1. Among the residues of the stretch 35-67 satisfying the criterion of being of a type outside the set (Gly, Ala, Ser), part of a loop (DSSP other than H, G, I, E, B) and open to solvent by less than 40 Å² (accessible area, probe 1.4 Å), which is modelled with the lowest pLDDT?
2. Collect the residues in the stretch 68-107 that are modelled with pLDDT under 95 and aliphatic (A, V, I, L, M), keeping them in residue-number order.
3. Return yes or no: is Ser8 among the polar types (S, T, N, Q), assigned to a loop (DSSP other than H, G, I, E, B) and out of contact with any Cys (no Cβ under 8 Å at 6 or more places or on another chain)?
4. Quick test of your reading of the structure: Ala32 fulfils all but one of (1) surrounded by 15 or more Cβ atoms within 10 Å (Cβ to Cβ); (2) in contact (Cβ under 8 Å) with a residue 40 or more places away in the chain; (3) assigned to a helix (DSSP H, G or I). Name the failing condition by number.
5. Return only the number of the condition from (1) in contact with a strand residue (DSSP E or B) (Cβ under 6 Å, 6 or more places away or on another chain); (2) closer than 18 Å to Lys7 by Cβ that Asp80 does not satisfy.
Amino acid sequence: INNSKYKSHFVYCGVVEKDMLASYYRQADAVALLSVSEAFGLSLAEGQHFGLPSLAFYDIDAIKDIYHPDTMIRVREHSDKSVAEGIVELLSKKWNKDIIKSISKKFDSEVMAYEYIKVYSTLTTLQNN
């Protein structure tokens, strides 16, 4: 990144206070979650809510729930070269914010509550049989 022509476009955020998150997302062009320990991917879902495309490793736990080709780039290898290639792809691709926002609606609190109720109902039915 330090040798990239995109260097001036990167902001290393670290932990951001909750009341400041929306401001960061409104100013951002994308979200990159490249932690080797973060598996949940909340920042990816939050970024999608704001119409932001994202980049993450293919093997984080959240990928199976959050990945959609219209919303993100998956990095196959945990190497600087693969991450750099993923960032170039992320910044080069034309993204549609409205499509990303639409796809993010599956993480809406009402939708999530409905899905939890479905799982609970299924488990209850299985236990009673």
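1. The selected residue is Ile60.
2. If the condition is that a residue be modelled with pLDDT under 95 and aliphatic (A, V, I, L, M), then Val83, Ala84, Ile87, Val88, Leu91, Ile103 are the ones that fit.
3. No, not satisfied.
4. (3)
5. With (1) in contact with a strand residue (DSSP E or B) (Cβ under 6 Å, 6 or more places away or on another chain); (2) closer than 18 Å to Lys7 by Cβ applied to Asp80, the lone miss is (1).
The values are calculated or read from the model by the stated rules, or taken from the named source; none is laboratory data. Owing to the predicted nature of the structure, the values given are computational and were not obtained by experimental measurement. Note that each Cβ is placed from the backbone with ideal geometry, even for glycine, and that neighbours are counted across all protein chains shown. Accessible surface areas use protein heavy atoms only, side chains included; no ligands, DNA or RNA. Shrake-Rupley method; radii C 1.70, N 1.55, O 1.52, S 1.80 Å.
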